Amino acid sequence: MFNLQWKHLGLLFVLMLVLVVAACGNEEEAETGSAEGSESEDVNYGEEMGYKITGIEPGAGVVAAAEGTIEEYENLEGWEVVTSSSGAMATALGEAIDNEEPIIVTGWSPHWKFQKYDVKYLEDPKGVFGDAETINTMVREGLEEENPEAYKILDQFQWESADIESIMLEISNGTDVEEATTAWVEENSDKVAEWTAGTEKVDGVEIELAYVEWDTEVASTNVVGKVLEDQGFDVTLTPLDNAVMWQAVSEGQADGMVAAWLPGTHATQLETYGDSVVDLGVNLEGAKIGLVVPAYMDIDSIEDLTPTE
Ligand code: PBE
């Protein structure tokens, strides 16, 4: 009896030991797991970025909209949009990605960054950036009567995101703007023929297009300029600030532009100058603006950003 009991107790003891060791193991695993979890939850991108959104030119609609998000989203209280230029933004984005650092930029499509990098738009549940945009062509009043061939070409100019993105990517990879646009025009003679259909060549008629040095507009304006040049026009392309571009067309200092982002991005400019410019309609569908981050950032929405402390 006595012996048997001891045997049982011994077995029990061994069993208990096994259980304790197993439990310890589990505990360790659980602890490591939760430690990792809380670490990634604790990442404060806002603090790492100094609560700054990397903007572009102060006159851009996307910068105004980004400033609007700071007003609309409580969690962005204390944040700021730092303006610079589209080029400086692209450099900052490239450097952050090289170092796997967090960055938020004022972004738009079409844009080569979506082909070159793994980046994503942050969701905008309050809709501050609006929905899909179109890019429209605007010309000065009187152009139709005074320069009908140019008017018709500008009116017929219309292409797709894939077209403009291929040129933008070339340029971002270091190809000269003129070389990239000339090559595209040569390789896409069918499309170009649709734009020039029903027009006669001219001999040195002057035409001036205004634009802003955004990557999209550098590509589109240079392509249209090249097409007009090939038709015999004496083409001037004039880089301006956004509002000044609209003003130049509305006052007739420039003949036109292919850079009106509607209905949201340039709503302010449309309100001011819309009555004194001629809208020739959409030249590109499916454009978009928003806040863009590298895909490795563990956030999906503007609402995931943390306020300043
Ligand atoms: N963009 C490119 C411009 C329109 C074209 C999005 C930078 C803007 O924000 O006004």
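Of (1) more than 20 Å from the chain's Cα centre (by Cα); (2) surrounded by fewer than 17 Cβ atoms within 10 Å (Cβ to Cβ); (3) without any contact (Cβ under 8 Å) to a residue 60 or more places away in the chain, Ala162 satisfies all except one. Which?
For Ala162, the failing item is (1).
Which count do you get for residues in region 46-95 that are under 17 Å from Leu122 (Cβ atoms), within 15 Å of the ligand (Cβ to nearest atom), outside any strand (DSSP E or B) and among the polar types (S, T, N, Q)?
1
Which one is surrounded by the fewest Cβ atoms within 10 Å (Cβ to Cβ) among residues in region 96-154 that are of a type in the set (Asp, Glu) and assigned to a strand (DSSP E or B)?
Among those residues, the one meeting the criterion is Glu123.
Looking at (1) farther than 18 Å from Asp155 by Cβ; (2) outside any loop (DSSP other than H, G, I, E, B), which one does Glu285 not meet, given that it meets all the others?
All conditions pass for Glu285, except number (1).
For region 173-180, does any single residue satisfy the condition of being surrounded by fewer than 17 Cβ atoms within 10 Å (Cβ to Cβ), farther than 22 Å from Lys113 by Cβ and modelled with pLDDT of 95 or more?
yes
Could you tell me how many of the residues in region 225-244 are within 15 Å of the ligand (Cβ to nearest atom), in contact with a helix residue (DSSP H, G or I) (Cβ under 8 Å, 6 or more places away or on another chain) and within 22 Å of Thr181 (Cβ to Cβ)?
Total satisfying the criteria: 2.
Which one is farthest from the ligand (Cβ to nearest atom), of the residues in region 254-300 that are in contact (Cβ under 8 Å) with a residue 60 or more places away in the chain, surrounded by fewer than 19 Cβ atoms within 10 Å (Cβ to Cβ) and among the polar types (S, T, N, Q)?
Ser276
The values are calculated or read from the model by the stated rules, or taken from the named source; none is laboratory data. As the structure is a prediction and not an experimental result, all values here were calculated from the model. Positions of Cβ are backbone-derived with ideal geometry, glycine not excepted, and every protein chain shown enters the neighbour counts.
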